[in-house]
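Asker: Below you will find the structure I want to go over with you.
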There are 2 protein chains.
Amino acid sequence: MPKHLVLNVNLLTAGAHPAAWRSPGGNPRALIDPAHFKAVAREAERGLLDAVFLSDAVMLKGGGAGMPVSSLDPAVAVTVMAGATEHIGFIASTSATFQEPYHIARTFASLDHVSGGRVGWNVVTTRDRGAAANFGGPPESGERVLPPREQRYARAAESIEVVQALWDSWEDEALLADPVSGRFSDPARIHPIDHRGAHFQVAGPLQVPRPPQGRIPIVQAGGSEGGRELAARYADAVFTAQHLIPQAAEFAADIRRRAARYGRDPRGIKILPGVNPIIGSTVAEARARKAELDALVDDASRVRGFAAFLGLDPGSLELDRPFPPELVPPLGDTYGSEGFTGALRTLLAERPLTVRELLERGTFHRDLVGTPEQLADSFQEWSDAGAADGFNLQFARYPDHLTDFVDHVLPVLRRRGLVRSEYTDRTLRARLGLPRPASRYAPQEVSR
Amino acid sequence: MPKHLVLNVNLLTAGAHPAAWRSPGGNPRALIDPAHFKAVAREAERGLLDAVFLSDAVMLKGGGAGMPVSSLDPAVAVTVMAGATEHIGFIASTSATFQEPYHIARTFASLDHVSGGRVGWNVVTTRDRGAAANFGGPPESGERVLPPREQRYARAAESIEVVQALWDSWEDEALLADPVSGRFSDPARIHPIDHRGAHFQVAGPLQVPRPPQGRIPIVQAGGSEGGRELAARYADAVFTAQHLIPQAAEFAADIRRRAARYGRDPRGIKILPGVNPIIGSTVAEARARKAELDALVDDASRVRGFAAFLGLDPGSLELDRPFPPELVPPLGDTYGSEGFTGALRTLLAERPLTVRELLERGTFHRDLVGTPEQLADSFQEWSDAGAADGFNLQFARYPDHLTDFVDHVLPVLRRRGLVRSEYTDRTLRARLGLPRPASRYAPQEVSR
């Protein structure tokens, strides 16, 4: 029996397509509409998927000209969705760059309690200067500048250490809640963490008992050297931009090699490339659905968006001329996304592509256009090649494109034994196949 | 027709009484049980109360020996309760000392959107050294010490300025969400705030459109000079510890005088003393209910709790000897709560009280023991004397003591016309009688 694919749905407010909100069937107020979040979570649960994924930013991107894909506080959005569902997990992004680890530990422990063990933390670092400008301190501390990438990743790594220690600060047996003896807790099993590091000094313990999952799963989504190291050391799942099987397989192998060096089980890390599924009963119908959305965005603003993403002058790009490979930001550039630019570099090394072809392919993640059978074939091919343990699915529009996937693609995957036919495990952690570790502070010698 | 009292219920996990969790009818796991939060919110809504109030701390108080009264992230708890109710408001405490104003603005704007305009922010500053120890930075920044009170209040005031500017950064008309024209927003109505102050440099705009209430109500709960000034400048409601009518009336008059000096309408600020209602069909029955709970806490630990609260050596107190007034921490002490110690000083100036009598009276807030008619009489007396516009109600145990209040006291208040008989206004702000201001960035000359 084949291993199940991990399938998450990346909820980008109205949808991954910039015209989603204004197209027929789209929700023009999706960004602040709790009913929208609930509808997406319920559809994902009807499809027996693993988790709803929330990306995040701590700034208004693009000045609000289009619908922001990150608006509501992710903790609020997750709580809304958890209240409307029973099984589906939630992976929320929180930047370690501009939030204190004590707050992160408390928020995720709280989400884990109210959802019954269904959350994961996608650890991101912030590379936007616009975000840094929202977190400036006293004038004497100088202009708030973004720390260089290595320092951001070093802070993120230390943040994870602090957060995990705080989750462990109550052993599982610390909460007695015994009305007969009147003992609320066993204070000997509640521990200060006394963390003293390069970025943080945190005493602990946390004010929230150990989360139901014990250790909440860690997800990581950066493709740079620092991101890969962070993933190898801490991540239970990696969200990655990959357009071609050989490169994805090499990426997966690289992460696993690095994980083994940290003494971890390399198979314990799920590699999840992003995919934009575009479904039709024929390829032509699928393409027509995408074209309908594309027609609602004028070419100039698409080129502008693409140029802004790469930090290029829009005047340097022409829609129907080959994209000049030398314009791809170099590796090691401090503020770009190495995951995305690396994927782009790989694509262009294969063959020249026009700007229009790049935009049609899906510039950030791979567009996967076709019939349900074709989509299932592709998933299976990537999985068989060791290029993916599953996928982060980004739908052009919510909830209806997700509904199509649930109704048409998942039955094919289910017939092939590639996805579950019911929820069995109760927690996200168990569903990812991960054991539940005891607190680091628990006495090791006791066998129970 | 008399003015309605504002009535909030202060949800202290299992209840205000330290034995609540272990007593019959108590919830031993209240602190992490979403069903508990929902049950309390629904009962408060059944009683047509104004809001559920959540106090907060960012540390584990008392080492977890008893049930913490602040455990879950308040944003998570409010979202859980908002999802289970339609009308009741929620006032959540967030410390301006250890959280960035951008995060505060985003979280409360998010809560306001998902609740449909039902939240308020109780602005607190943190005076616990144990909390400071959870937020230490790099070693070169030195031991994290709590800034003195004046500096904490100066930071809080600036934090409110930044947060309110961020809430205004989208004018009401900024969000167009018009699928026909394809205009998501009017960028001319989305504004950077470019705040440059002594504590913060924040660029804005916020990534969340203007909250439904426009300006989310501000609540303040400190009794010191700095706290009173903060209340007078910004607060829409003040939560205060008051044991006697003349002092409470003088406190209310003081806040209103100060507010007038800031050019505000002094009647726009609601003064809400804390009260612990203990209800019985006779006074004796009410006392017996309290005694039952008291019997579950041994005297030594009650004295220890009281001594810890005042920063005293427990050995300096004897249960049945008069409490020495000279042990009350002096005014101006940096880390004590001046609201609580001031109330205690006032009480002891009236007549000597033993430690036991103080504990029985309700040391932090006023115990109000009696029949429904007696409770209603007291509320009316305080209101008529200008000592209160309403009360923050702390019940010994949730939800059943709140249920008794809803079933027995509220009908008496309703017959007297002192509380509403249905919810009419949709938002917490409107219910507090406050107008909805336009964004500070909106063009003033336009009449609509």
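The values are calculated or read from the model by the stated rules, or taken from the named source; none is laboratory data. These numbers were taken from a predicted model, which means no experiment stands behind them. Note that we place each Cβ from the backbone using ideal geometry, even for glycine, and neighbour counts take in every protein chain shown.
Asker: Check the range A:287-302 and report whether any residue there is crowded, with 20+ Cβ neighbours inside 10 Å and away from chain B (no Cβ under 14 Å).
Answerer: no
Asker: Then there is this: Report those helices (runs of 4 or more DSSP H) wholly inside the range A:68-138 carrying at least 2 residues which are among the small types (Gly, Ala, Ser) and buried (at least 24 other Cβ atoms within 10 Å of the Cβ). If you could, list the steps in order and put the result at the bottom.
Answerer: Details: elements: A:74-83, A:101-115, A:129-132.
So the answer is A:74-83, A:101-115.
Asker: Within 9 Å of chain A (Cβ to nearest Cβ), farther than 20 Å from B:Arg233 by Cα, part of a loop (DSSP other than H, G, I, E, B) and in contact (Cβ under 8 Å) with a residue 12 or more places away in the chain - does that describe any residue in the range B:146-166?
Answerer: Checked the range B:146-166: no residue is within 9 Å of chain A (Cβ to nearest Cβ), farther than 20 Å from B:Arg233 by Cα, part of a loop (DSSP other than H, G, I, E, B) and in contact (Cβ under 8 Å) with a residue 12 or more places away in the chain.
Asker: Is there any pair with a first residue in the range A:20-36 that is farther than 19 Å from A:Gly64 by Cα and a second that is among the hydrophobic types (A, V, I, L, M, F, W, C) whose Cβ atoms are under 6 Å apart and which are 6 or more apart or on different chains, and what are they?
Answerer: Listed pairs, sorted by first residue: A:Pro34/A:Val80; A:Pro34/B:Val114; A:His36/A:Ala30.
Asker: Yes or no: the range A:364-383 includes at least one residue that is surrounded by fewer than 15 Cβ atoms within 10 Å (Cβ to Cβ), of a type in the set (Val, Ile, Thr), at pLDDT 95 or above and not in a helix (DSSP H, G or I). First the steps, then the outcome.
Answerer: Residues of the range A:364-383 surrounded by fewer than 15 Cβ atoms within 10 Å (Cβ to Cβ): A:373, A:377, A:381.
Among the residues that remain, those that are also of a type in the set (Val, Ile, Thr) are: none.
Scanning the range A:364-383, I find no residue that is surrounded by fewer than 15 Cβ atoms within 10 Å (Cβ to Cβ), of a type in the set (Val, Ile, Thr), at pLDDT 95 or above and not in a helix (DSSP H, G or I), so the answer is no.
Asker: Let me ask something else. Residues in the range B:173-183: is at least one crowded, with 22+ Cβ neighbours inside 10 Å and part of a loop (DSSP other than H, G, I, E, B)?
Answerer: Yes, the range B:173-183 has at least one match.
Asker: Still on this structure, please answer the following. For A:Tyr423, work out the one condition from (1) out of contact with any His (no Cβ under 8 Å at 6 or more places or on another chain); (2) at pLDDT 95 or above; (3) surrounded by fewer than 18 Cβ atoms within 10 Å (Cβ to Cβ) it doesn't fulfil.
Answerer: (1) is the only condition that A:Tyr423 fails.
Asker: I'm told A:Val406 meets every condition in (1) over 21 Å from the mean Cα position of the chain (by Cα); (2) surrounded by fewer than 22 Cβ atoms within 10 Å (Cβ to Cβ) except one. Can you identify the failing condition by its number?
Answerer: Among (1) over 21 Å from the mean Cα position of the chain (by Cα); (2) surrounded by fewer than 22 Cβ atoms within 10 Å (Cβ to Cβ), A:Val406 violates only (1).
Asker: Follow-up. Condition check: modelled with pLDDT of 95 or more, more than 19 Å from A:Ala75 (Cβ to Cβ) and assigned to a helix (DSSP H, G or I). Does B:Ala39 satisfy that? Walk me through how you get there before you give the answer.
Answerer: Details: modelled with pLDDT of 95 or more: yes; more than 19 Å from A:Ala75 (Cβ to Cβ): yes; assigned to a helix (DSSP H, G or I): yes.
In short, yes.
Asker: Can you find a residue in the range A:13-28 that is within 20 Å of the chain's Cα centre (by Cα), facing chain B (nearest Cβ under 10 Å) and within 28 Å of A:Ser378 (Cβ to Cβ)? Reasoning before the result, please.
Answerer: First, the residues of the range A:13-28 that are within 20 Å of the chain's Cα centre (by Cα): A:13-18.
Checking which are facing chain B (nearest Cβ under 10 Å) leaves us with A:14, A:18.
Narrowing further to those that are within 28 Å of A:Ser378 (Cβ to Cβ): A:14, A:18.
Checked the range A:13-28: at least one residue is within 20 Å of the chain's Cα centre (by Cα), facing chain B (nearest Cβ under 10 Å) and within 28 Å of A:Ser378 (Cβ to Cβ).
Asker: Listed residues B:Asp313, B:Asp320; which is surrounded by fewer than 21 Cβ atoms within 10 Å (Cβ to Cβ), under 25 Å from B:Gly63 (Cα atoms) and touching a helix residue (DSSP H, G or I) at 6+ places or on another chain (Cβ under 8 Å)? Write out each step before concluding.
Answerer: On the way: B:Asp320 fails: under 25 Å from B:Gly63 (Cα atoms).
Matching residue, one of B:Asp313, B:Asp320: B:Asp313.
Asker: So, one more: List pairs: first residue in the range A:65-76 and more than 7 Å from chain B (Cβ to nearest Cβ) and at positive phi, second residue among the polar types (S, T, N, Q) and assigned to a helix (DSSP H, G or I) anywhere in the structure, Cβ distance under 8 angstrom, at least six positions apart or on different chains.
Answerer: none
Asker: Take the residues in the range A:323-332 that are surrounded by 15 or more Cβ atoms within 10 Å (Cβ to Cβ) and not in a helix (DSSP H, G or I); name whichever of them is modelled with the highest pLDDT.
Answerer: From the range A:323-332, those surrounded by 15 or more Cβ atoms within 10 Å (Cβ to Cβ) are A:323, A:327-329; that's our starting set.
Checking which are not in a helix (DSSP H, G or I) leaves us with A:323, A:328-329.
On the way: A:Phe323: 89, A:Val328: 84, A:Pro329: 77.
Filtering first and then ranking leaves A:Phe323.
Asker: For the range B:257-293, enumerate the residues that are assigned to a helix (DSSP H, G or I) and in contact with an Asp or Glu (Cβ under 8 Å, 6 or more places away or on another chain). Can you show your working first?
Answerer: Of all residues in the range B:257-293, those assigned to a helix (DSSP H, G or I) come to B:257-261, B:266-268, B:283-293.
Answer for the range B:257-293, where residues must be assigned to a helix (DSSP H, G or I) and in contact with an Asp or Glu (Cβ under 8 Å, 6 or more places away or on another chain): B:Arg258, B:Ala259, B:Gly268, B:Lys290.
For every residue, the table says whether it meets (1) touching a His at 6+ places or on another chain (Cβ under 7 Å); (2) touching a residue at least 60 places away in the same chain (Cβ under 8 Å); (3) over 23 Å from B:Val114 (Cα atoms); (4) more than 8 Å from every other protein chain (Cβ to nearest Cβ).
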residue	(1), (2), (3), (4)
B:Asp168	no, yes, no, yes
B:Leu176	no, no, no, yes
B:Ser185	no, no, no, no
B:Ile190	no, no, no, no
B:Gln201	yes, no, yes, no
B:Pro205	yes, no, no, no
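Asker: Being within 26 Å of the chain's Cα centre (by Cα), at pLDDT 85 or above, closer than 26 Å to A:Ile91 by Cα and surrounded by 15 or more Cβ atoms within 10 Å (Cβ to Cβ): is that true of A:Gly268 here? Let's see the steps before the verdict.
Answerer: Details: within 26 Å of the chain's Cα centre (by Cα): yes; at pLDDT 85 or above: yes; closer than 26 Å to A:Ile91 by Cα: yes; surrounded by 15 or more Cβ atoms within 10 Å (Cβ to Cβ): yes.
So A:Gly268 passes the test.
Asker: Quick check: anything in the range A:352-362 farther than 30 Å from A:Pro329 by Cβ, part of a helix (DSSP H, G or I) and of a type in the set (A, V, I, L, M, F, W, C)?
Answerer: Looking for residues that are farther than 30 Å from A:Pro329 by Cβ, part of a helix (DSSP H, G or I) and of a type in the set (A, V, I, L, M, F, W, C), one finds none in the range A:352-362, hence no.
Asker: Inside the range A:100-145, can you point out the residues that are at pLDDT below 85 and more than 7 Å from every other protein chain (Cβ to nearest Cβ)?
Answerer: Taking the range A:100-145 first, the residues at pLDDT below 85 are A:127, A:140-145.
Passing the criteria: A:Arg127, A:Glu140, A:Ser141, A:Gly142, A:Glu143, A:Val145.
Asker: Could you tell me whether any residue of the range B:334-341 is assigned to a helix (DSSP H, G or I), at pLDDT below 80, among the small types (Gly, Ala, Ser) and under 23 Å from B:Phe239 (Cα atoms)?
Answerer: yes
Asker: From the list A:Ala221, A:Ala235, which one is touching a strand residue (DSSP E or B) at 6+ places or on another chain (Cβ under 7 Å), surrounded by 24 or more Cβ atoms within 10 Å (Cβ to Cβ), away from chain B (no Cβ under 14 Å) and at pLDDT below 95?
Answerer: Numbers: A:Ala235 fails: at pLDDT below 95.
A:Ala221 is the lone residue from the list that is touching a strand residue (DSSP E or B) at 6+ places or on another chain (Cβ under 7 Å), surrounded by 24 or more Cβ atoms within 10 Å (Cβ to Cβ), away from chain B (no Cβ under 14 Å) and at pLDDT below 95.
Asker: Then there is this: May I ask you to list the residues in the range B:409-443 that are closer than 22 Å to B:Arg366 by Cβ and either in contact (Cβ under 8 Å) with a residue 60 or more places away in the chain or within 21 Å of the chain's Cα centre (by Cα) (or both)?
Answerer: First pass over the range B:409-443, keeping only residues closer than 22 Å to B:Arg366 by Cβ: B:409-410, B:412-413, B:416, B:418-419.
B:Val409, B:Leu410, B:Leu413, B:Arg416, B:Leu418, B:Val419, listed by residue number.
Asker: Could I ask something else about it? Report the residue count in the range A:276-287 for those that are farther than 22 Å from A:His243 by Cα and either touching a strand residue (DSSP E or B) at 6+ places or on another chain (Cβ under 8 Å) or not hydroxyl-bearing (Ser, Thr, Tyr) (or both).
Answerer: Number satisfying all stated conditions: 1.
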